[in-house]
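In what follows, a structure is listed as structure tokens, so that the remarks can point back to it.
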Amino acid sequence: MSHATGDRRKQPRAWHSACLVLALVALLALAACDGQSVDEADLGVTVFAAMAGPDGVSMGTVALTQGPNGMLVSADLTGLTEGWHGFHIHETGSCTPDFSAAGGHLNPEDKGHGFLHGPNHPGDMPNIYAGADGTARANVFNTQASLKSILDDDGSAIIVHAKPDSYGEDPGAGDRVACGVISRS
Ligand SMILES: [Cu+2]
């Protein structure tokens, strides 16, 4: 009797181990498929966007540092109107002849828009708030962006909008009031 009881106890343990292995394999497969794998050489590397208004006047800097699970985006901005502003990574590294040259949001896997809408793309980031003196400082951790995806063949740009992002399907953030091409120096 005691022998049989012992056998019954072993079975759940064996299943437990098998499930753990399966779960690990699934996690590894996800990591390999999501396109967010980070090159060892990129870890800790910081790239910058020198932000300017449509008139070319400097509006501060945005720094983006690659971590193991995403990018830390640090904004230090001036010259904004008081209030909330949409803050995005756009798909093309150009701000000329005008800010429309930056294209749409960084969206290499063709996902939707909006934190409160559905699966969203790496260009989406939380709104930033500028005080009465026009300055805005923010740290945002973007788990979908990577140095690899930002510095692809046509690069990327940071855009600040006149109005806040709705976080819905249509960002509705209005005019592009500051633009900066992301580069390594
Ligand atoms: Cu935008």
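Bear in mind that the values in this text are calculations on the coordinates, not laboratory data. Predicted, not measured: the structure shown is a model, and the values here were computed from it. So basically every Cβ, Gly included, is an ideal-geometry build from the backbone, and we count neighbours across all protein chains shown.
Tabulated values for the structure
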quantity	calculated
Label zone at residue 170 (point 7 Å along Cα-to-Cβ), backbone N below 18 Å, the range 86-130	86, 104-105, 112-118
Given charges at beta-carbon only (K, R positive; D, E negative), |dipole| of the range 40-183 in Debye	300 debye
Sequence-distant residues sharing a close amide H with residue 145 (under 5 Å, placed H)	71
Calculated from backbone phi, Karplus (6.51, -1.76, 1.60) coupling profile of the range 104-121 in Hz, x at Gly/Pro	x, 5, 4, 7, x, 9, 6, 8, x, 10, x, 4, 9, 10, x, x, 9, 9
Spin-label zone in the range 160-185 - amide nitrogen under 20 Å from a point set 7 Å from the Cα of residue 101 along the C-beta vector	160-162, 175-185
Among 68-80, 156-168, 43-55, the order from most to least packed when residues are scored by Cβ within 10 Å on average	156-168, 68-80, 43-55
Low-density loop cleavage sites - trypsin sites (Lys or Arg not before Pro) in the range 78-185, where at most 14 other Cβ are within 10 Å (DSSP)	184
The range 53-115: relative contact order in percent, alpha carbon pairs under 8 Å with at least 6 residues between	22 percent
Computed over the range 89-185, Kirkwood Rh from alpha-carbon pairs, angstrom	13.8 Å
